[in-house]
Amino acid sequence: MKHRIPLLLCALLIGPANGAIAWGQEQIPNQERTFFEEKVRPILVAKCYGCHSADAKEIGGKLLLDSRAGLLSGGESGPAVVPGEPDKSLLMDALHYESFEMPPDKPLSESEIHVVSQWIQRGAWDPRTEAAHPGPKENWTQQELWSFYPRNVIPPPSVARKDWPLGPIDQFVLQKMEQANAQPTDDAELRTLARRLYYDLIGLPPSVSEIESFVEAASKDRRQATEALVDELLSRPQFGEHWGRHWLDVARYGESNGNDGLSRNATFPHAWRYRDYVIDAINRDIPYDRFLTEQIAGDLLPADTAQERNRLLVATGFLAIGSKPASAMNKDFPMDIVDDQINTVSTAVMGLSVACARCHDHKHDPIPTRDYYAMAGIFTSSETLYGAAGNEKLTAPPTELHVLSSELSDDGGKLGQMKAPLALPAGYVDLVQQMQPKASVALDQLPDGWKEIGSPKFSPSEFVQLKESYLQGNAPDLAADYTVSFWFKNDSPNNSRPITAYLFTRGELGNKEIPGDHLGIGGTHDPKRTGRLFVFNGNKKKASLAGSTVIVPGAWNHVVMVRQGNKVRVYLNGVSKPEIEGKLEPTFEKESRFSLGGRSEGFAPLTGSLAHFSLFSKSVSDADVAALHIASGRPKGITQLGVAMGVREASKPAHCKVHINGTSEKLGAEVPRGTLTACWQVVQGDGTSPFVPNLVIPEAESGRIELAAWLSDPQQPQTWRVIVNRVWLKLMGEGLVATPDDFGVFGARPTHPELLDWLAQDFIDGGGSIKGLIRSIVLSRTYQLSSDYGDQIAEHDPENRLLTRHRKRRLTAEQLRDSILLASGTLDLKPGQGSPIQEIDALINQPPHEASTLHQPSNHRSVYLCYMRNAPPAQLAAFDLPDGLKVTGKRNQTVLPAQSLFLLNSPFVVQQAESLSTLVSADPNATTEEKITQVFRRAFQRDPTQSELIQAVTLLDRLESESSGASDGKQMRPWAAFCQALFASNEFRYVD
């Protein structure tokens, strides 16, 4: 009976513990439904249904886990789950093999256990309402599948109040009001409208002078002044920073992996490049269809310049920056990455949770498992480049990254020159001699005093050719600081062995500890170094440095390595920027012997050729290195500008097989690469051609370019509705569809479906211009309404579903911080450069709390802060910042004590209040009233009322009296306290 207890405990995802939530009696939040469907249900299906489902041969403990009813009925061993408290849940004990062992065959992976723990911590929501062993839904109403139907674009309707609308948007909105006998509120005051436009378009408040200029112009012609202000704000670089942050929410942007399930959090040191791409793309107003295509298939698009090529490669970071579960004991790691990509693309672009169909047909939308694996084949036929994963292979196996270059590929022209026979002019040899080498040999014959290991071949045309052979030499009295220069040609594939080849060693010969400087070409041992130069200092110190340029087999390369103290520089093919540069402790001591074409003890010799070897008993200058290559007459190498996360085509694109129950343990039928098809059959009928053509993917390609074209097809029903709804939400405080990430059956229905479809079609007709869409919305009278309203409006439209008024909106975390910096006079509007962690490839939570030390002080805009998952910027964390783990089109809106405490106690807020107080106190002749007015104008963009002025004077007099005996620094504090109080006020924290 030993198996009986674990079988029973596998069923202990059960109901209800004392004091637990009565599951199923509340409306389940969309994010919890998604979490269960994408994370928890696959574990239940794969690990528990074998013994606890209607299909099980023997139902363990008489408990069914394939329905919520089974969970709610409880188990023989008593309650196992306490919602919100995994530490008190027997289930977690069983999963950890503490009191019991579940599952009995082998434990869940740490990442799976982490998912179950998260599920319980979040409240153990279970959205399953069906009876046990249900089939997928087969019948839907048109209302349920509204987003799958083609747009129904009608002309803007006529309305009774002809003078009220400013454009088509207002006609649609007013018609709804008139049908409900409702009336709109008044127009917003000009000062309020200006503040709203500034915050909504650039994320910053206006200055008093900017407000006054607008009010003056709008008093003469409100419409013309508003259009002029909107156009000016849309042209500012701050527009892209503000609206780019909106897209980064949708793209689940993060600069670290987050908890991988094993409590490890690896940095993504190159993710910031994707952030900068998004900001730039938004400012350029790249058409939305192109914007999507660049992020899904930018690496496959043509480019006229190196800058454009680099930009397109960086764009594909959209598919690579997602959080990943640990690869340790996880055979499904590759498919987990694909699952994140499917979920991100389908949710961000279409508002559909396609990922819910990974292990079963979608439970409520017409998306079968075969459609999921049709999309999966596109991404399994692509290679995801995320980097070193903190140099922790248990978290994720390391991958290469996109290399960003200074020059566009010349289709082999330069490579052809590099592969041409090596014939250096006499001027090159003369220059070497002028530099006074310790040794200089052409290597067309064995140099005097050198030793050959194996059987190298020497000739005037190929110089020394090596195969399972190498050379050894000696340079007596060689200085500790030295330089070596030579030419090499590698004829082996870069992935042929763990180390492709060692090129040069200065170190003791034959020593197993291999002390010395070892210059080589990486192989398969470390994928991120495959084909790239590296320098290694031996087995005792085990330190190394690596470059980023891939050495092309069959081409002649000029390498110069300079040792200067504990630093090493390696130059490749005359590029001014070192290929390798950094600290590397020397371990060769006084050794003057060297090996060429192999390591000191003979490991991994070069298969290829060497020529023109020079050794200098000094560290030569950068200028000498450059001059040396120029004298050779050979083509200069391409400068590597950095690396970026992204995707590229896999070497062998292929269709994907269905993973039974969502895992790779059991595979089903192969599904041709494609996308959603069943939904169109439900909407149109089997005999009708789909209004969005099915994909035709060439056999040798992944299909990403075709997927992007399919998603951005003008006939696509969801794509265009989803994006205009996302923009509407950011401007109006609520979407026309209240669930911006869910346009499926369980999502909300549009309040104004005709307006939504008109906006989508107008957006397409306008070329997919995000700026154009925003402009049309903010110039509508609907947008420009006041947020104040009377009892009659409240009675007819209590939830503002008729858009009778503008919603009062709180500043986002970023807007709040940026506004505080702007008010204090310390905001730096120059774009932030890079990231504080761009040189850190490590686990940021080892030791614990290490991540908190990685955030660096910054006065740049908040979008440039370091957004590490599970370690967000302290200045933003309290104010509903997305976690970066999932698509977030709509941030939470919470009111928590932590927010008030932050404004009271945060060193950041205190420091900025001190800065503002110092700023307004700079004029020693200013009166108290004048200083107060300055503070109000900087914080609220207005003058204080007489009542506010009197209250502020009274408060400051009292505070200054209490601190009159203190030093000058102390005397500043009453003013700082006053400034801080304004930062914490509702007027400061709300748009209007």
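Some observations on this one:
- Search result, residues across the range 593-626 that are aromatic (Phe, Trp, Tyr) and not in a strand (DSSP E or B): 603
- Positions within the range 423-476 being of a type in the set (S, T, N, Q) and not in a loop (DSSP other than H, G, I, E, B), in sequence order: 433, 434, 440, 459, 465, 472, 474
- The one condition in (1) outside any helix (DSSP H, G or I); (2) buried (at least 21 other Cβ atoms within 10 Å of the Cβ) that residue 787 fails to fulfil: (2)
- Tallying residues that are surrounded by fewer than 16 Cβ atoms within 10 Å (Cβ to Cβ) and part of a loop (DSSP other than H, G, I, E, B) within the range 538-581 yields 11.
- Close pairs from the range 139-152: first within 15 Å of residue 681 (Cβ to Cβ), partner among the hydroxyl-bearing types (Ser, Thr, Tyr) and in a loop (DSSP other than H, G, I, E, B), Cβ under 7 Å, at least 6 apart: 142/149
- Qualifying residue in the range 931-944 (condition: more than 25 Å from residue 818 (Cα to Cα) and surrounded by fewer than 15 Cβ atoms within 10 Å (Cβ to Cβ)): no
- When the range 324-348 is filtered for residues that are surrounded by fewer than 23 Cβ atoms within 10 Å (Cβ to Cβ) and touching a Leu at 6+ places or on another chain (Cβ under 6 Å), only 328 remains.
- Selection within the range 267-317 - under 30 Å from residue 854 (Cβ atoms), assigned to a helix (DSSP H, G or I) and either among the hydrophobic types (A, V, I, L, M, F, W, C) or touching a Pro at 6+ places or on another chain (Cβ under 9 Å) (or both): 272, 276, 278, 279, 281, 282, 283, 312, 313, 314, 315
- For residue 600, the criteria (1) within 30 Å of residue 316 (Cβ to Cβ); (2) hydroxyl-bearing (Ser, Thr, Tyr); (3) touching a His at 6+ places or on another chain (Cβ under 8 Å) hold in every case but one, which is (1).
- Test result for residue 502, touching a His at 6+ places or on another chain (Cβ under 8 Å), surrounded by 24 or more Cβ atoms within 10 Å (Cβ to Cβ) and in contact (Cβ under 8 Å) with a residue 24 or more places away in the chain: yes
- Listing of helices (runs of 4 or more DSSP H) fully contained in the range 692-774 that carry 3 or more residues being touching a residue at least 24 places away in the same chain (Cβ under 8 Å) and in contact with an Asp or Glu (Cβ under 8 Å, 6 or more places away or on another chain): 717-732
- Exactly one residue out of 811, 865, 816 is without any contact (Cβ under 8 Å) to a residue 40 or more places away in the chain, of a type in the set (A, V, I, L, M) and within 30 Å of residue 344 (Cα to Cα), and it is 865.
- Look at (1) in a helix (DSSP H, G or I); (2) at pLDDT below 95; (3) more than 22 Å from the chain's Cα centre (by Cα) and you find that residue 851 fails only one, number (3).
- Some residue of the range 953-974 being touching a helix residue (DSSP H, G or I) at 6+ places or on another chain (Cβ under 8 Å), small (Gly, Ala, Ser) and at pLDDT 95 or above: no
- Close Cβ contacts (under 7 Å, 6 or more residues apart or on different chains) running from residues in the range 921-947 that are in the same structural domain as residue 978 (by TED's automatic domain parsing) to residues that are of a type in the set (S, T, N, Q) and in a loop (DSSP other than H, G, I, E, B) comprise 931/921; 941/207.
- Against the list (1) touching a residue at least 12 places away in the same chain (Cβ under 8 Å); (2) in a loop (DSSP other than H, G, I, E, B); (3) outside the structural domain of residue 298 (by TED's automatic domain parsing), the condition residue 400 fails is (3).
- Where a residue in the range 663-681 is not assigned by TED's automatic domain parsing to the domain that holds residue 334 and among the acidic types (Asp, Glu) and its partner, wherever it lies, is surrounded by fewer than 13 Cβ atoms within 10 Å (Cβ to Cβ) and outside any loop (DSSP other than H, G, I, E, B), with Cβ under 9 Å and at least six apart: none
- Per-region count, the range 899-939, residues part of a loop (DSSP other than H, G, I, E, B) and over 38 Å from the mean Cα position of the chain (by Cα): 7
- Residue in the range 68-82 that is modelled with pLDDT of 70 or more, in a loop (DSSP other than H, G, I, E, B), within 38 Å of the chain's Cα centre (by Cα) and surrounded by fewer than 21 Cβ atoms within 10 Å (Cβ to Cβ) present: no
- Top-ranked residue in the range 635-651 [being outside any strand (DSSP E or B) and at pLDDT 95 or above; ranked as surrounded by the most Cβ atoms within 10 Å (Cβ to Cβ)]: 645
The values are calculated or read from the model by the stated rules, or taken from the named source; none is laboratory data. On a predicted model such as this, the values are computed, not experimentally measured, just so you know. All Cβ positions, even for glycine, are placed from backbone atoms using ideal geometry, and neighbour counts span all protein chains on display.
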